[in-house]
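Following: one structure in structure tokens, then a few remarks.
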There are 2 protein chains.
Amino acid sequence: MKKKSPSPEAIAAWARLVRVSRQLVERTEDALKASGLPSLAWYDVLHELAEAGEGGLRPFELIDRILLAQYSVSRLLARLEMDGLIEKLPVSDDGRGQTVRITASGREMRRRIWAVYGASIADQMGDRLSAQDLKTLASLLGRLRDPTISD
Amino acid sequence: MKKKSPSPEAIAAWARLVRVSRQLVERTEDALKASGLPSLAWYDVLHELAEAGEGGLRPFELIDRILLAQYSVSRLLARLEMDGLIEKLPVSDDGRGQTVRITASGREMRRRIWAVYGASIADQMGDRLSAQDLKTLASLLGRLRDPTISD
DNA sequence: TCCCTGTCGATGCAATTGCATCTATATGGA
DNA sequence: TCCATATAGATGCAATTGCATCGACAGGGA
């Protein structure tokens with residue numbers, strides 16, 4: 001395969017993208033930490049499980065949705081379970097697996113995280129770009145997504 | 001301070017931004033690993049030092065440029081020095097500090113990393129958006145930058 | 001000069017991560 | 001049925017990270 005050189009525009013956009021997203025995430029993580037709340041990774045799991053409803057999700061489904069390695073999810077779930085935010089249920093038709101479901105206090109925690117997370121998004125995105133610009137941005141970013149990945 | 005709720009557009013743009021940038025970086029890191037090359041963090045340091053020229057940089061200047069914690073930079077520089085990619089020089093007018101300079105093999109390593117990194121940027125950005133769209137993207141992202149940060 | 005405070009950079013220790021591998025179960029074919 | 005292979009999820013161990021703190025020097029005021 002041939003080696004290509006990126007255009008100056010591509011380099012500039014890349015640099016901005018990487019840098020800005022790191023800043024935004026970092027600020028949000030800092031805000032969560034300052035409020036004594038768990039990190040965005042915890043939120044992501046609670047969010048997916050809340051969306052999934054009573055049926056819950058299998059860990060491997062979670063891996064597809066959030067962008068984490070299998071062992072990261074395994075350990076993340078162990079911590080969430082220890083904190084009582086999720087529960088693991090055996091699954092009848094596959095003895096290897098389990099179903100993970102959010103608990104009431106998991107939902108409550110999700111709300112508390114969102115209070116801070118949502119405010120951070122509003123501060124850092126909503127207040128700086130118009131709705132139209134946000135749509136343009138999302139659309140451009142959408143074209144960078146990996147075509148081999150679901151989301 | 002009042003808690004705000006983000007608009008749906010802000011949430012969508014945020015989700016795309018975080019997800020896409022993680023994907024892009026991850027793919028690039030994977031490509032580097034597959035080539036047996038060090039990570040993007042190493043590249044960033046080598047890049048900044050190459051830009052800085054013979055005068056080199058103080059570690060605290062590096063901290064301003066790359067988005068890393070002080071202790072991360074301290075350890076990163078220790079590893080780069082062990083690999084002979086940079087050298088640390090005492091600085092005459094400040095007994096606490098040091099100046100960090102890229103070595104010849106550091107420059108060589110930077111070139112080798114760029115061969116892969118640049119190709120990844122071209123693949124993932126240049127090939128998917130026009131120059132005009134890349135400019136629009138960079139401009140929109142620019143408006144999200146933290147105003148309290150230099151770059 | 002002598003403190004007091006601030007900045008530079010390194011580091012001990014605990015927590016987290018990445019890698020490789022493990023156990024257990026499922027699935028399909030001979 | 002039996003075996004070979006594949007998949008789900010957990011985990012031992014080494015490497016890395018984060019947090020707090022440290023030691024060393026700088027700079028300014030009394």
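The values are calculated or read from the model by the stated rules, or taken from the named source; none is laboratory data. Computed from a prediction, not measured in an experiment: that's the story for all the values here. Positions of Cβ are backbone-derived with ideal geometry, glycine not excepted, and every protein chain shown enters the neighbour counts.
General observations
- Matching residues in the range A:97-119 - criterion: being over 16 Å from the mean Cα position of the chain (by Cα) and either at pLDDT below 95 or hydroxyl-bearing (S, T, Y) (or both): A:G97, A:T99, A:T103, A:S105
- Flag for B:G55 being within 14 Å of DNA strand D (Cβ to nearest atom), more than 23 Å from A:S21 (Cα to Cα) and exposed (fewer than 10 other Cβ atoms within 10 Å of the Cβ): no
- Test: residue in the range A:74-97 that is polar (S, T, N, Q) and either outside any helix (DSSP H, G or I) or within 14 Å of chain B (Cβ to nearest Cβ) (or both): yes
- Taken over the range B:58-73, the criterion of being within 14 Å of another protein chain (Cβ to nearest Cβ) and within 12 Å of DNA strand D (Cβ to nearest atom) is satisfied by B:L67, B:L68, B:A69, B:S72.
- Any hit, the range B:57-70, residues being part of a helix (DSSP H, G or I) and more than 11 Å from DNA strand C (Cβ to nearest atom): yes
- Unique residue being farther than 21 Å from A:S5 by Cβ, surrounded by 17 or more Cβ atoms within 10 Å (Cβ to Cβ) and out of contact with any helix residue (DSSP H, G or I) (no Cβ under 6 Å at 6 or more places or on another chain) when the list is B:L62, B:L49, B:L85: B:L49
- Filtered residues of the range B:101-116 (kept if of a type outside the set (K, R) and in contact with a helix residue (DSSP H, G or I) (Cβ under 6 Å, 6 or more places away or on another chain)): B:I102, B:G106, B:I113, B:V116
- The residue pairs whose first member lies in the range A:132-151 and is over 16 Å from B:R128 (Cα atoms) and surrounded by fewer than 18 Cβ atoms within 10 Å (Cβ to Cβ), whose second member is small (G, A, S) and at pLDDT 95 or above, and whose beta carbons are closer than 6 Å, counting only pairs six or more residues apart or on different chains, do not exist in this structure.
- Residues considered: B:R145, B:R128. Of these, the only one that is facing chain A (nearest Cβ under 10 Å), closer than 23 Å to A:A15 by Cα and modelled with pLDDT under 95 is B:R145.
- First in the range B:80-109 and of a type in the set (S, T, Y), second anywhere and within 16 Å of DNA strand D (Cβ to nearest atom) and assigned to a loop (DSSP other than H, G, I, E, B), Cβ under 9 Å, 6 or more apart: B:T99/B:R58; B:T99/B:V91; B:T103/B:L85; B:S105/B:D83; B:S105/B:L85
- Breaking point among (1) within 11 Å of DNA strand C (Cβ to nearest atom); (2) touching a Lys or Arg at 6+ places or on another chain (Cβ under 6 Å); (3) within 30 Å of B:L140 (Cβ to Cβ), for A:G97: (3)
- Matching option when the condition is near DNA strand D (Cβ under 10 Å from one of its atoms), touching a residue at least 24 places away in the same chain (Cβ under 8 Å) and out of contact with any strand residue (DSSP E or B) (no Cβ under 8 Å at 6 or more places or on another chain), among B:L76, B:L37, B:L32: B:L76
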